[in-house]
Amino acid sequence: MNPILREAFNKEMKIAKELYLTQNWDEAFSHLEIAHILGQRNAIPHTINHWWMLKIGICKKDRKEIIGQVIRLLVAGIGSLLGRTPIGNTGGANLGILTPLPLTNEVAKIFIKANLQIK
């Protein structure tokens, strides 16, 4: 994983985990969504991210999120390895697995700093 993306991914995951421990699941999920965009091109971070999304779905008793994350856990690593991850997809069950989204300016700057294509 690109070191700049790894640093940004780890930062967002750390914040998400801290918020998870305080049961601030909605805010934690928001940070997981950012981490998802940053890590989805790499199988292990991508899969770890979906695991944490599943954990929040379980805590919230959100059946749609639970089912969506189980499906994503089955295909996340494969999608990353095959290069089939749509840029900007935030990883939640509220989106199709292959739905691309525009990047926020903040996230786009991270990709540019990492000298990576954002399309």
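Odds and ends about this structure:
- Of the criteria (1) free of Cβ contacts under 8 Å to residues at least 12 places away in the same chain; (2) crowded, with 19+ Cβ neighbours inside 10 Å, which one Gly57 fails: (1)
- Scanning segment 15-28 turns up at least one residue that is aliphatic (A, V, I, L, M), closer than 24 Å to Ile112 by Cβ and at pLDDT 95 or above.
- Residue that is farthest from Trp52 (Cα to Cα), among those in segment 9-41 that are surrounded by 14 or more Cβ atoms within 10 Å (Cβ to Cβ) and of a type in the set (Lys, Arg): Arg41
- Residue under evaluation Thr90, criteria (1) more than 18 Å from Phe9 (Cα to Cα); (2) out of contact with any Phe, Trp or Tyr (no Cβ under 8 Å at 6 or more places or on another chain); (3) modelled with pLDDT of 95 or more; (4) surrounded by 13 or more Cβ atoms within 10 Å (Cβ to Cβ), criterion not met: (1)
- In this structure, Gly79 does not satisfy being in contact with a Leu (Cβ under 9 Å, 6 or more places away or on another chain), modelled with pLDDT of 95 or more and surrounded by 14 or more Cβ atoms within 10 Å (Cβ to Cβ).
- Being among the charged types (D, E, K, R) and within 19 Å of Pro3 (Cβ to Cβ) is a property that Lys113 has.
The values are calculated or read from the model by the stated rules, or taken from the named source; none is laboratory data. Fair warning: this is a prediction, and the values are worked out from it, not measured in the lab. Quick reminder, even Gly has a Cβ in these numbers, built from the backbone with ideal geometry, and neighbours come from all protein chains shown.
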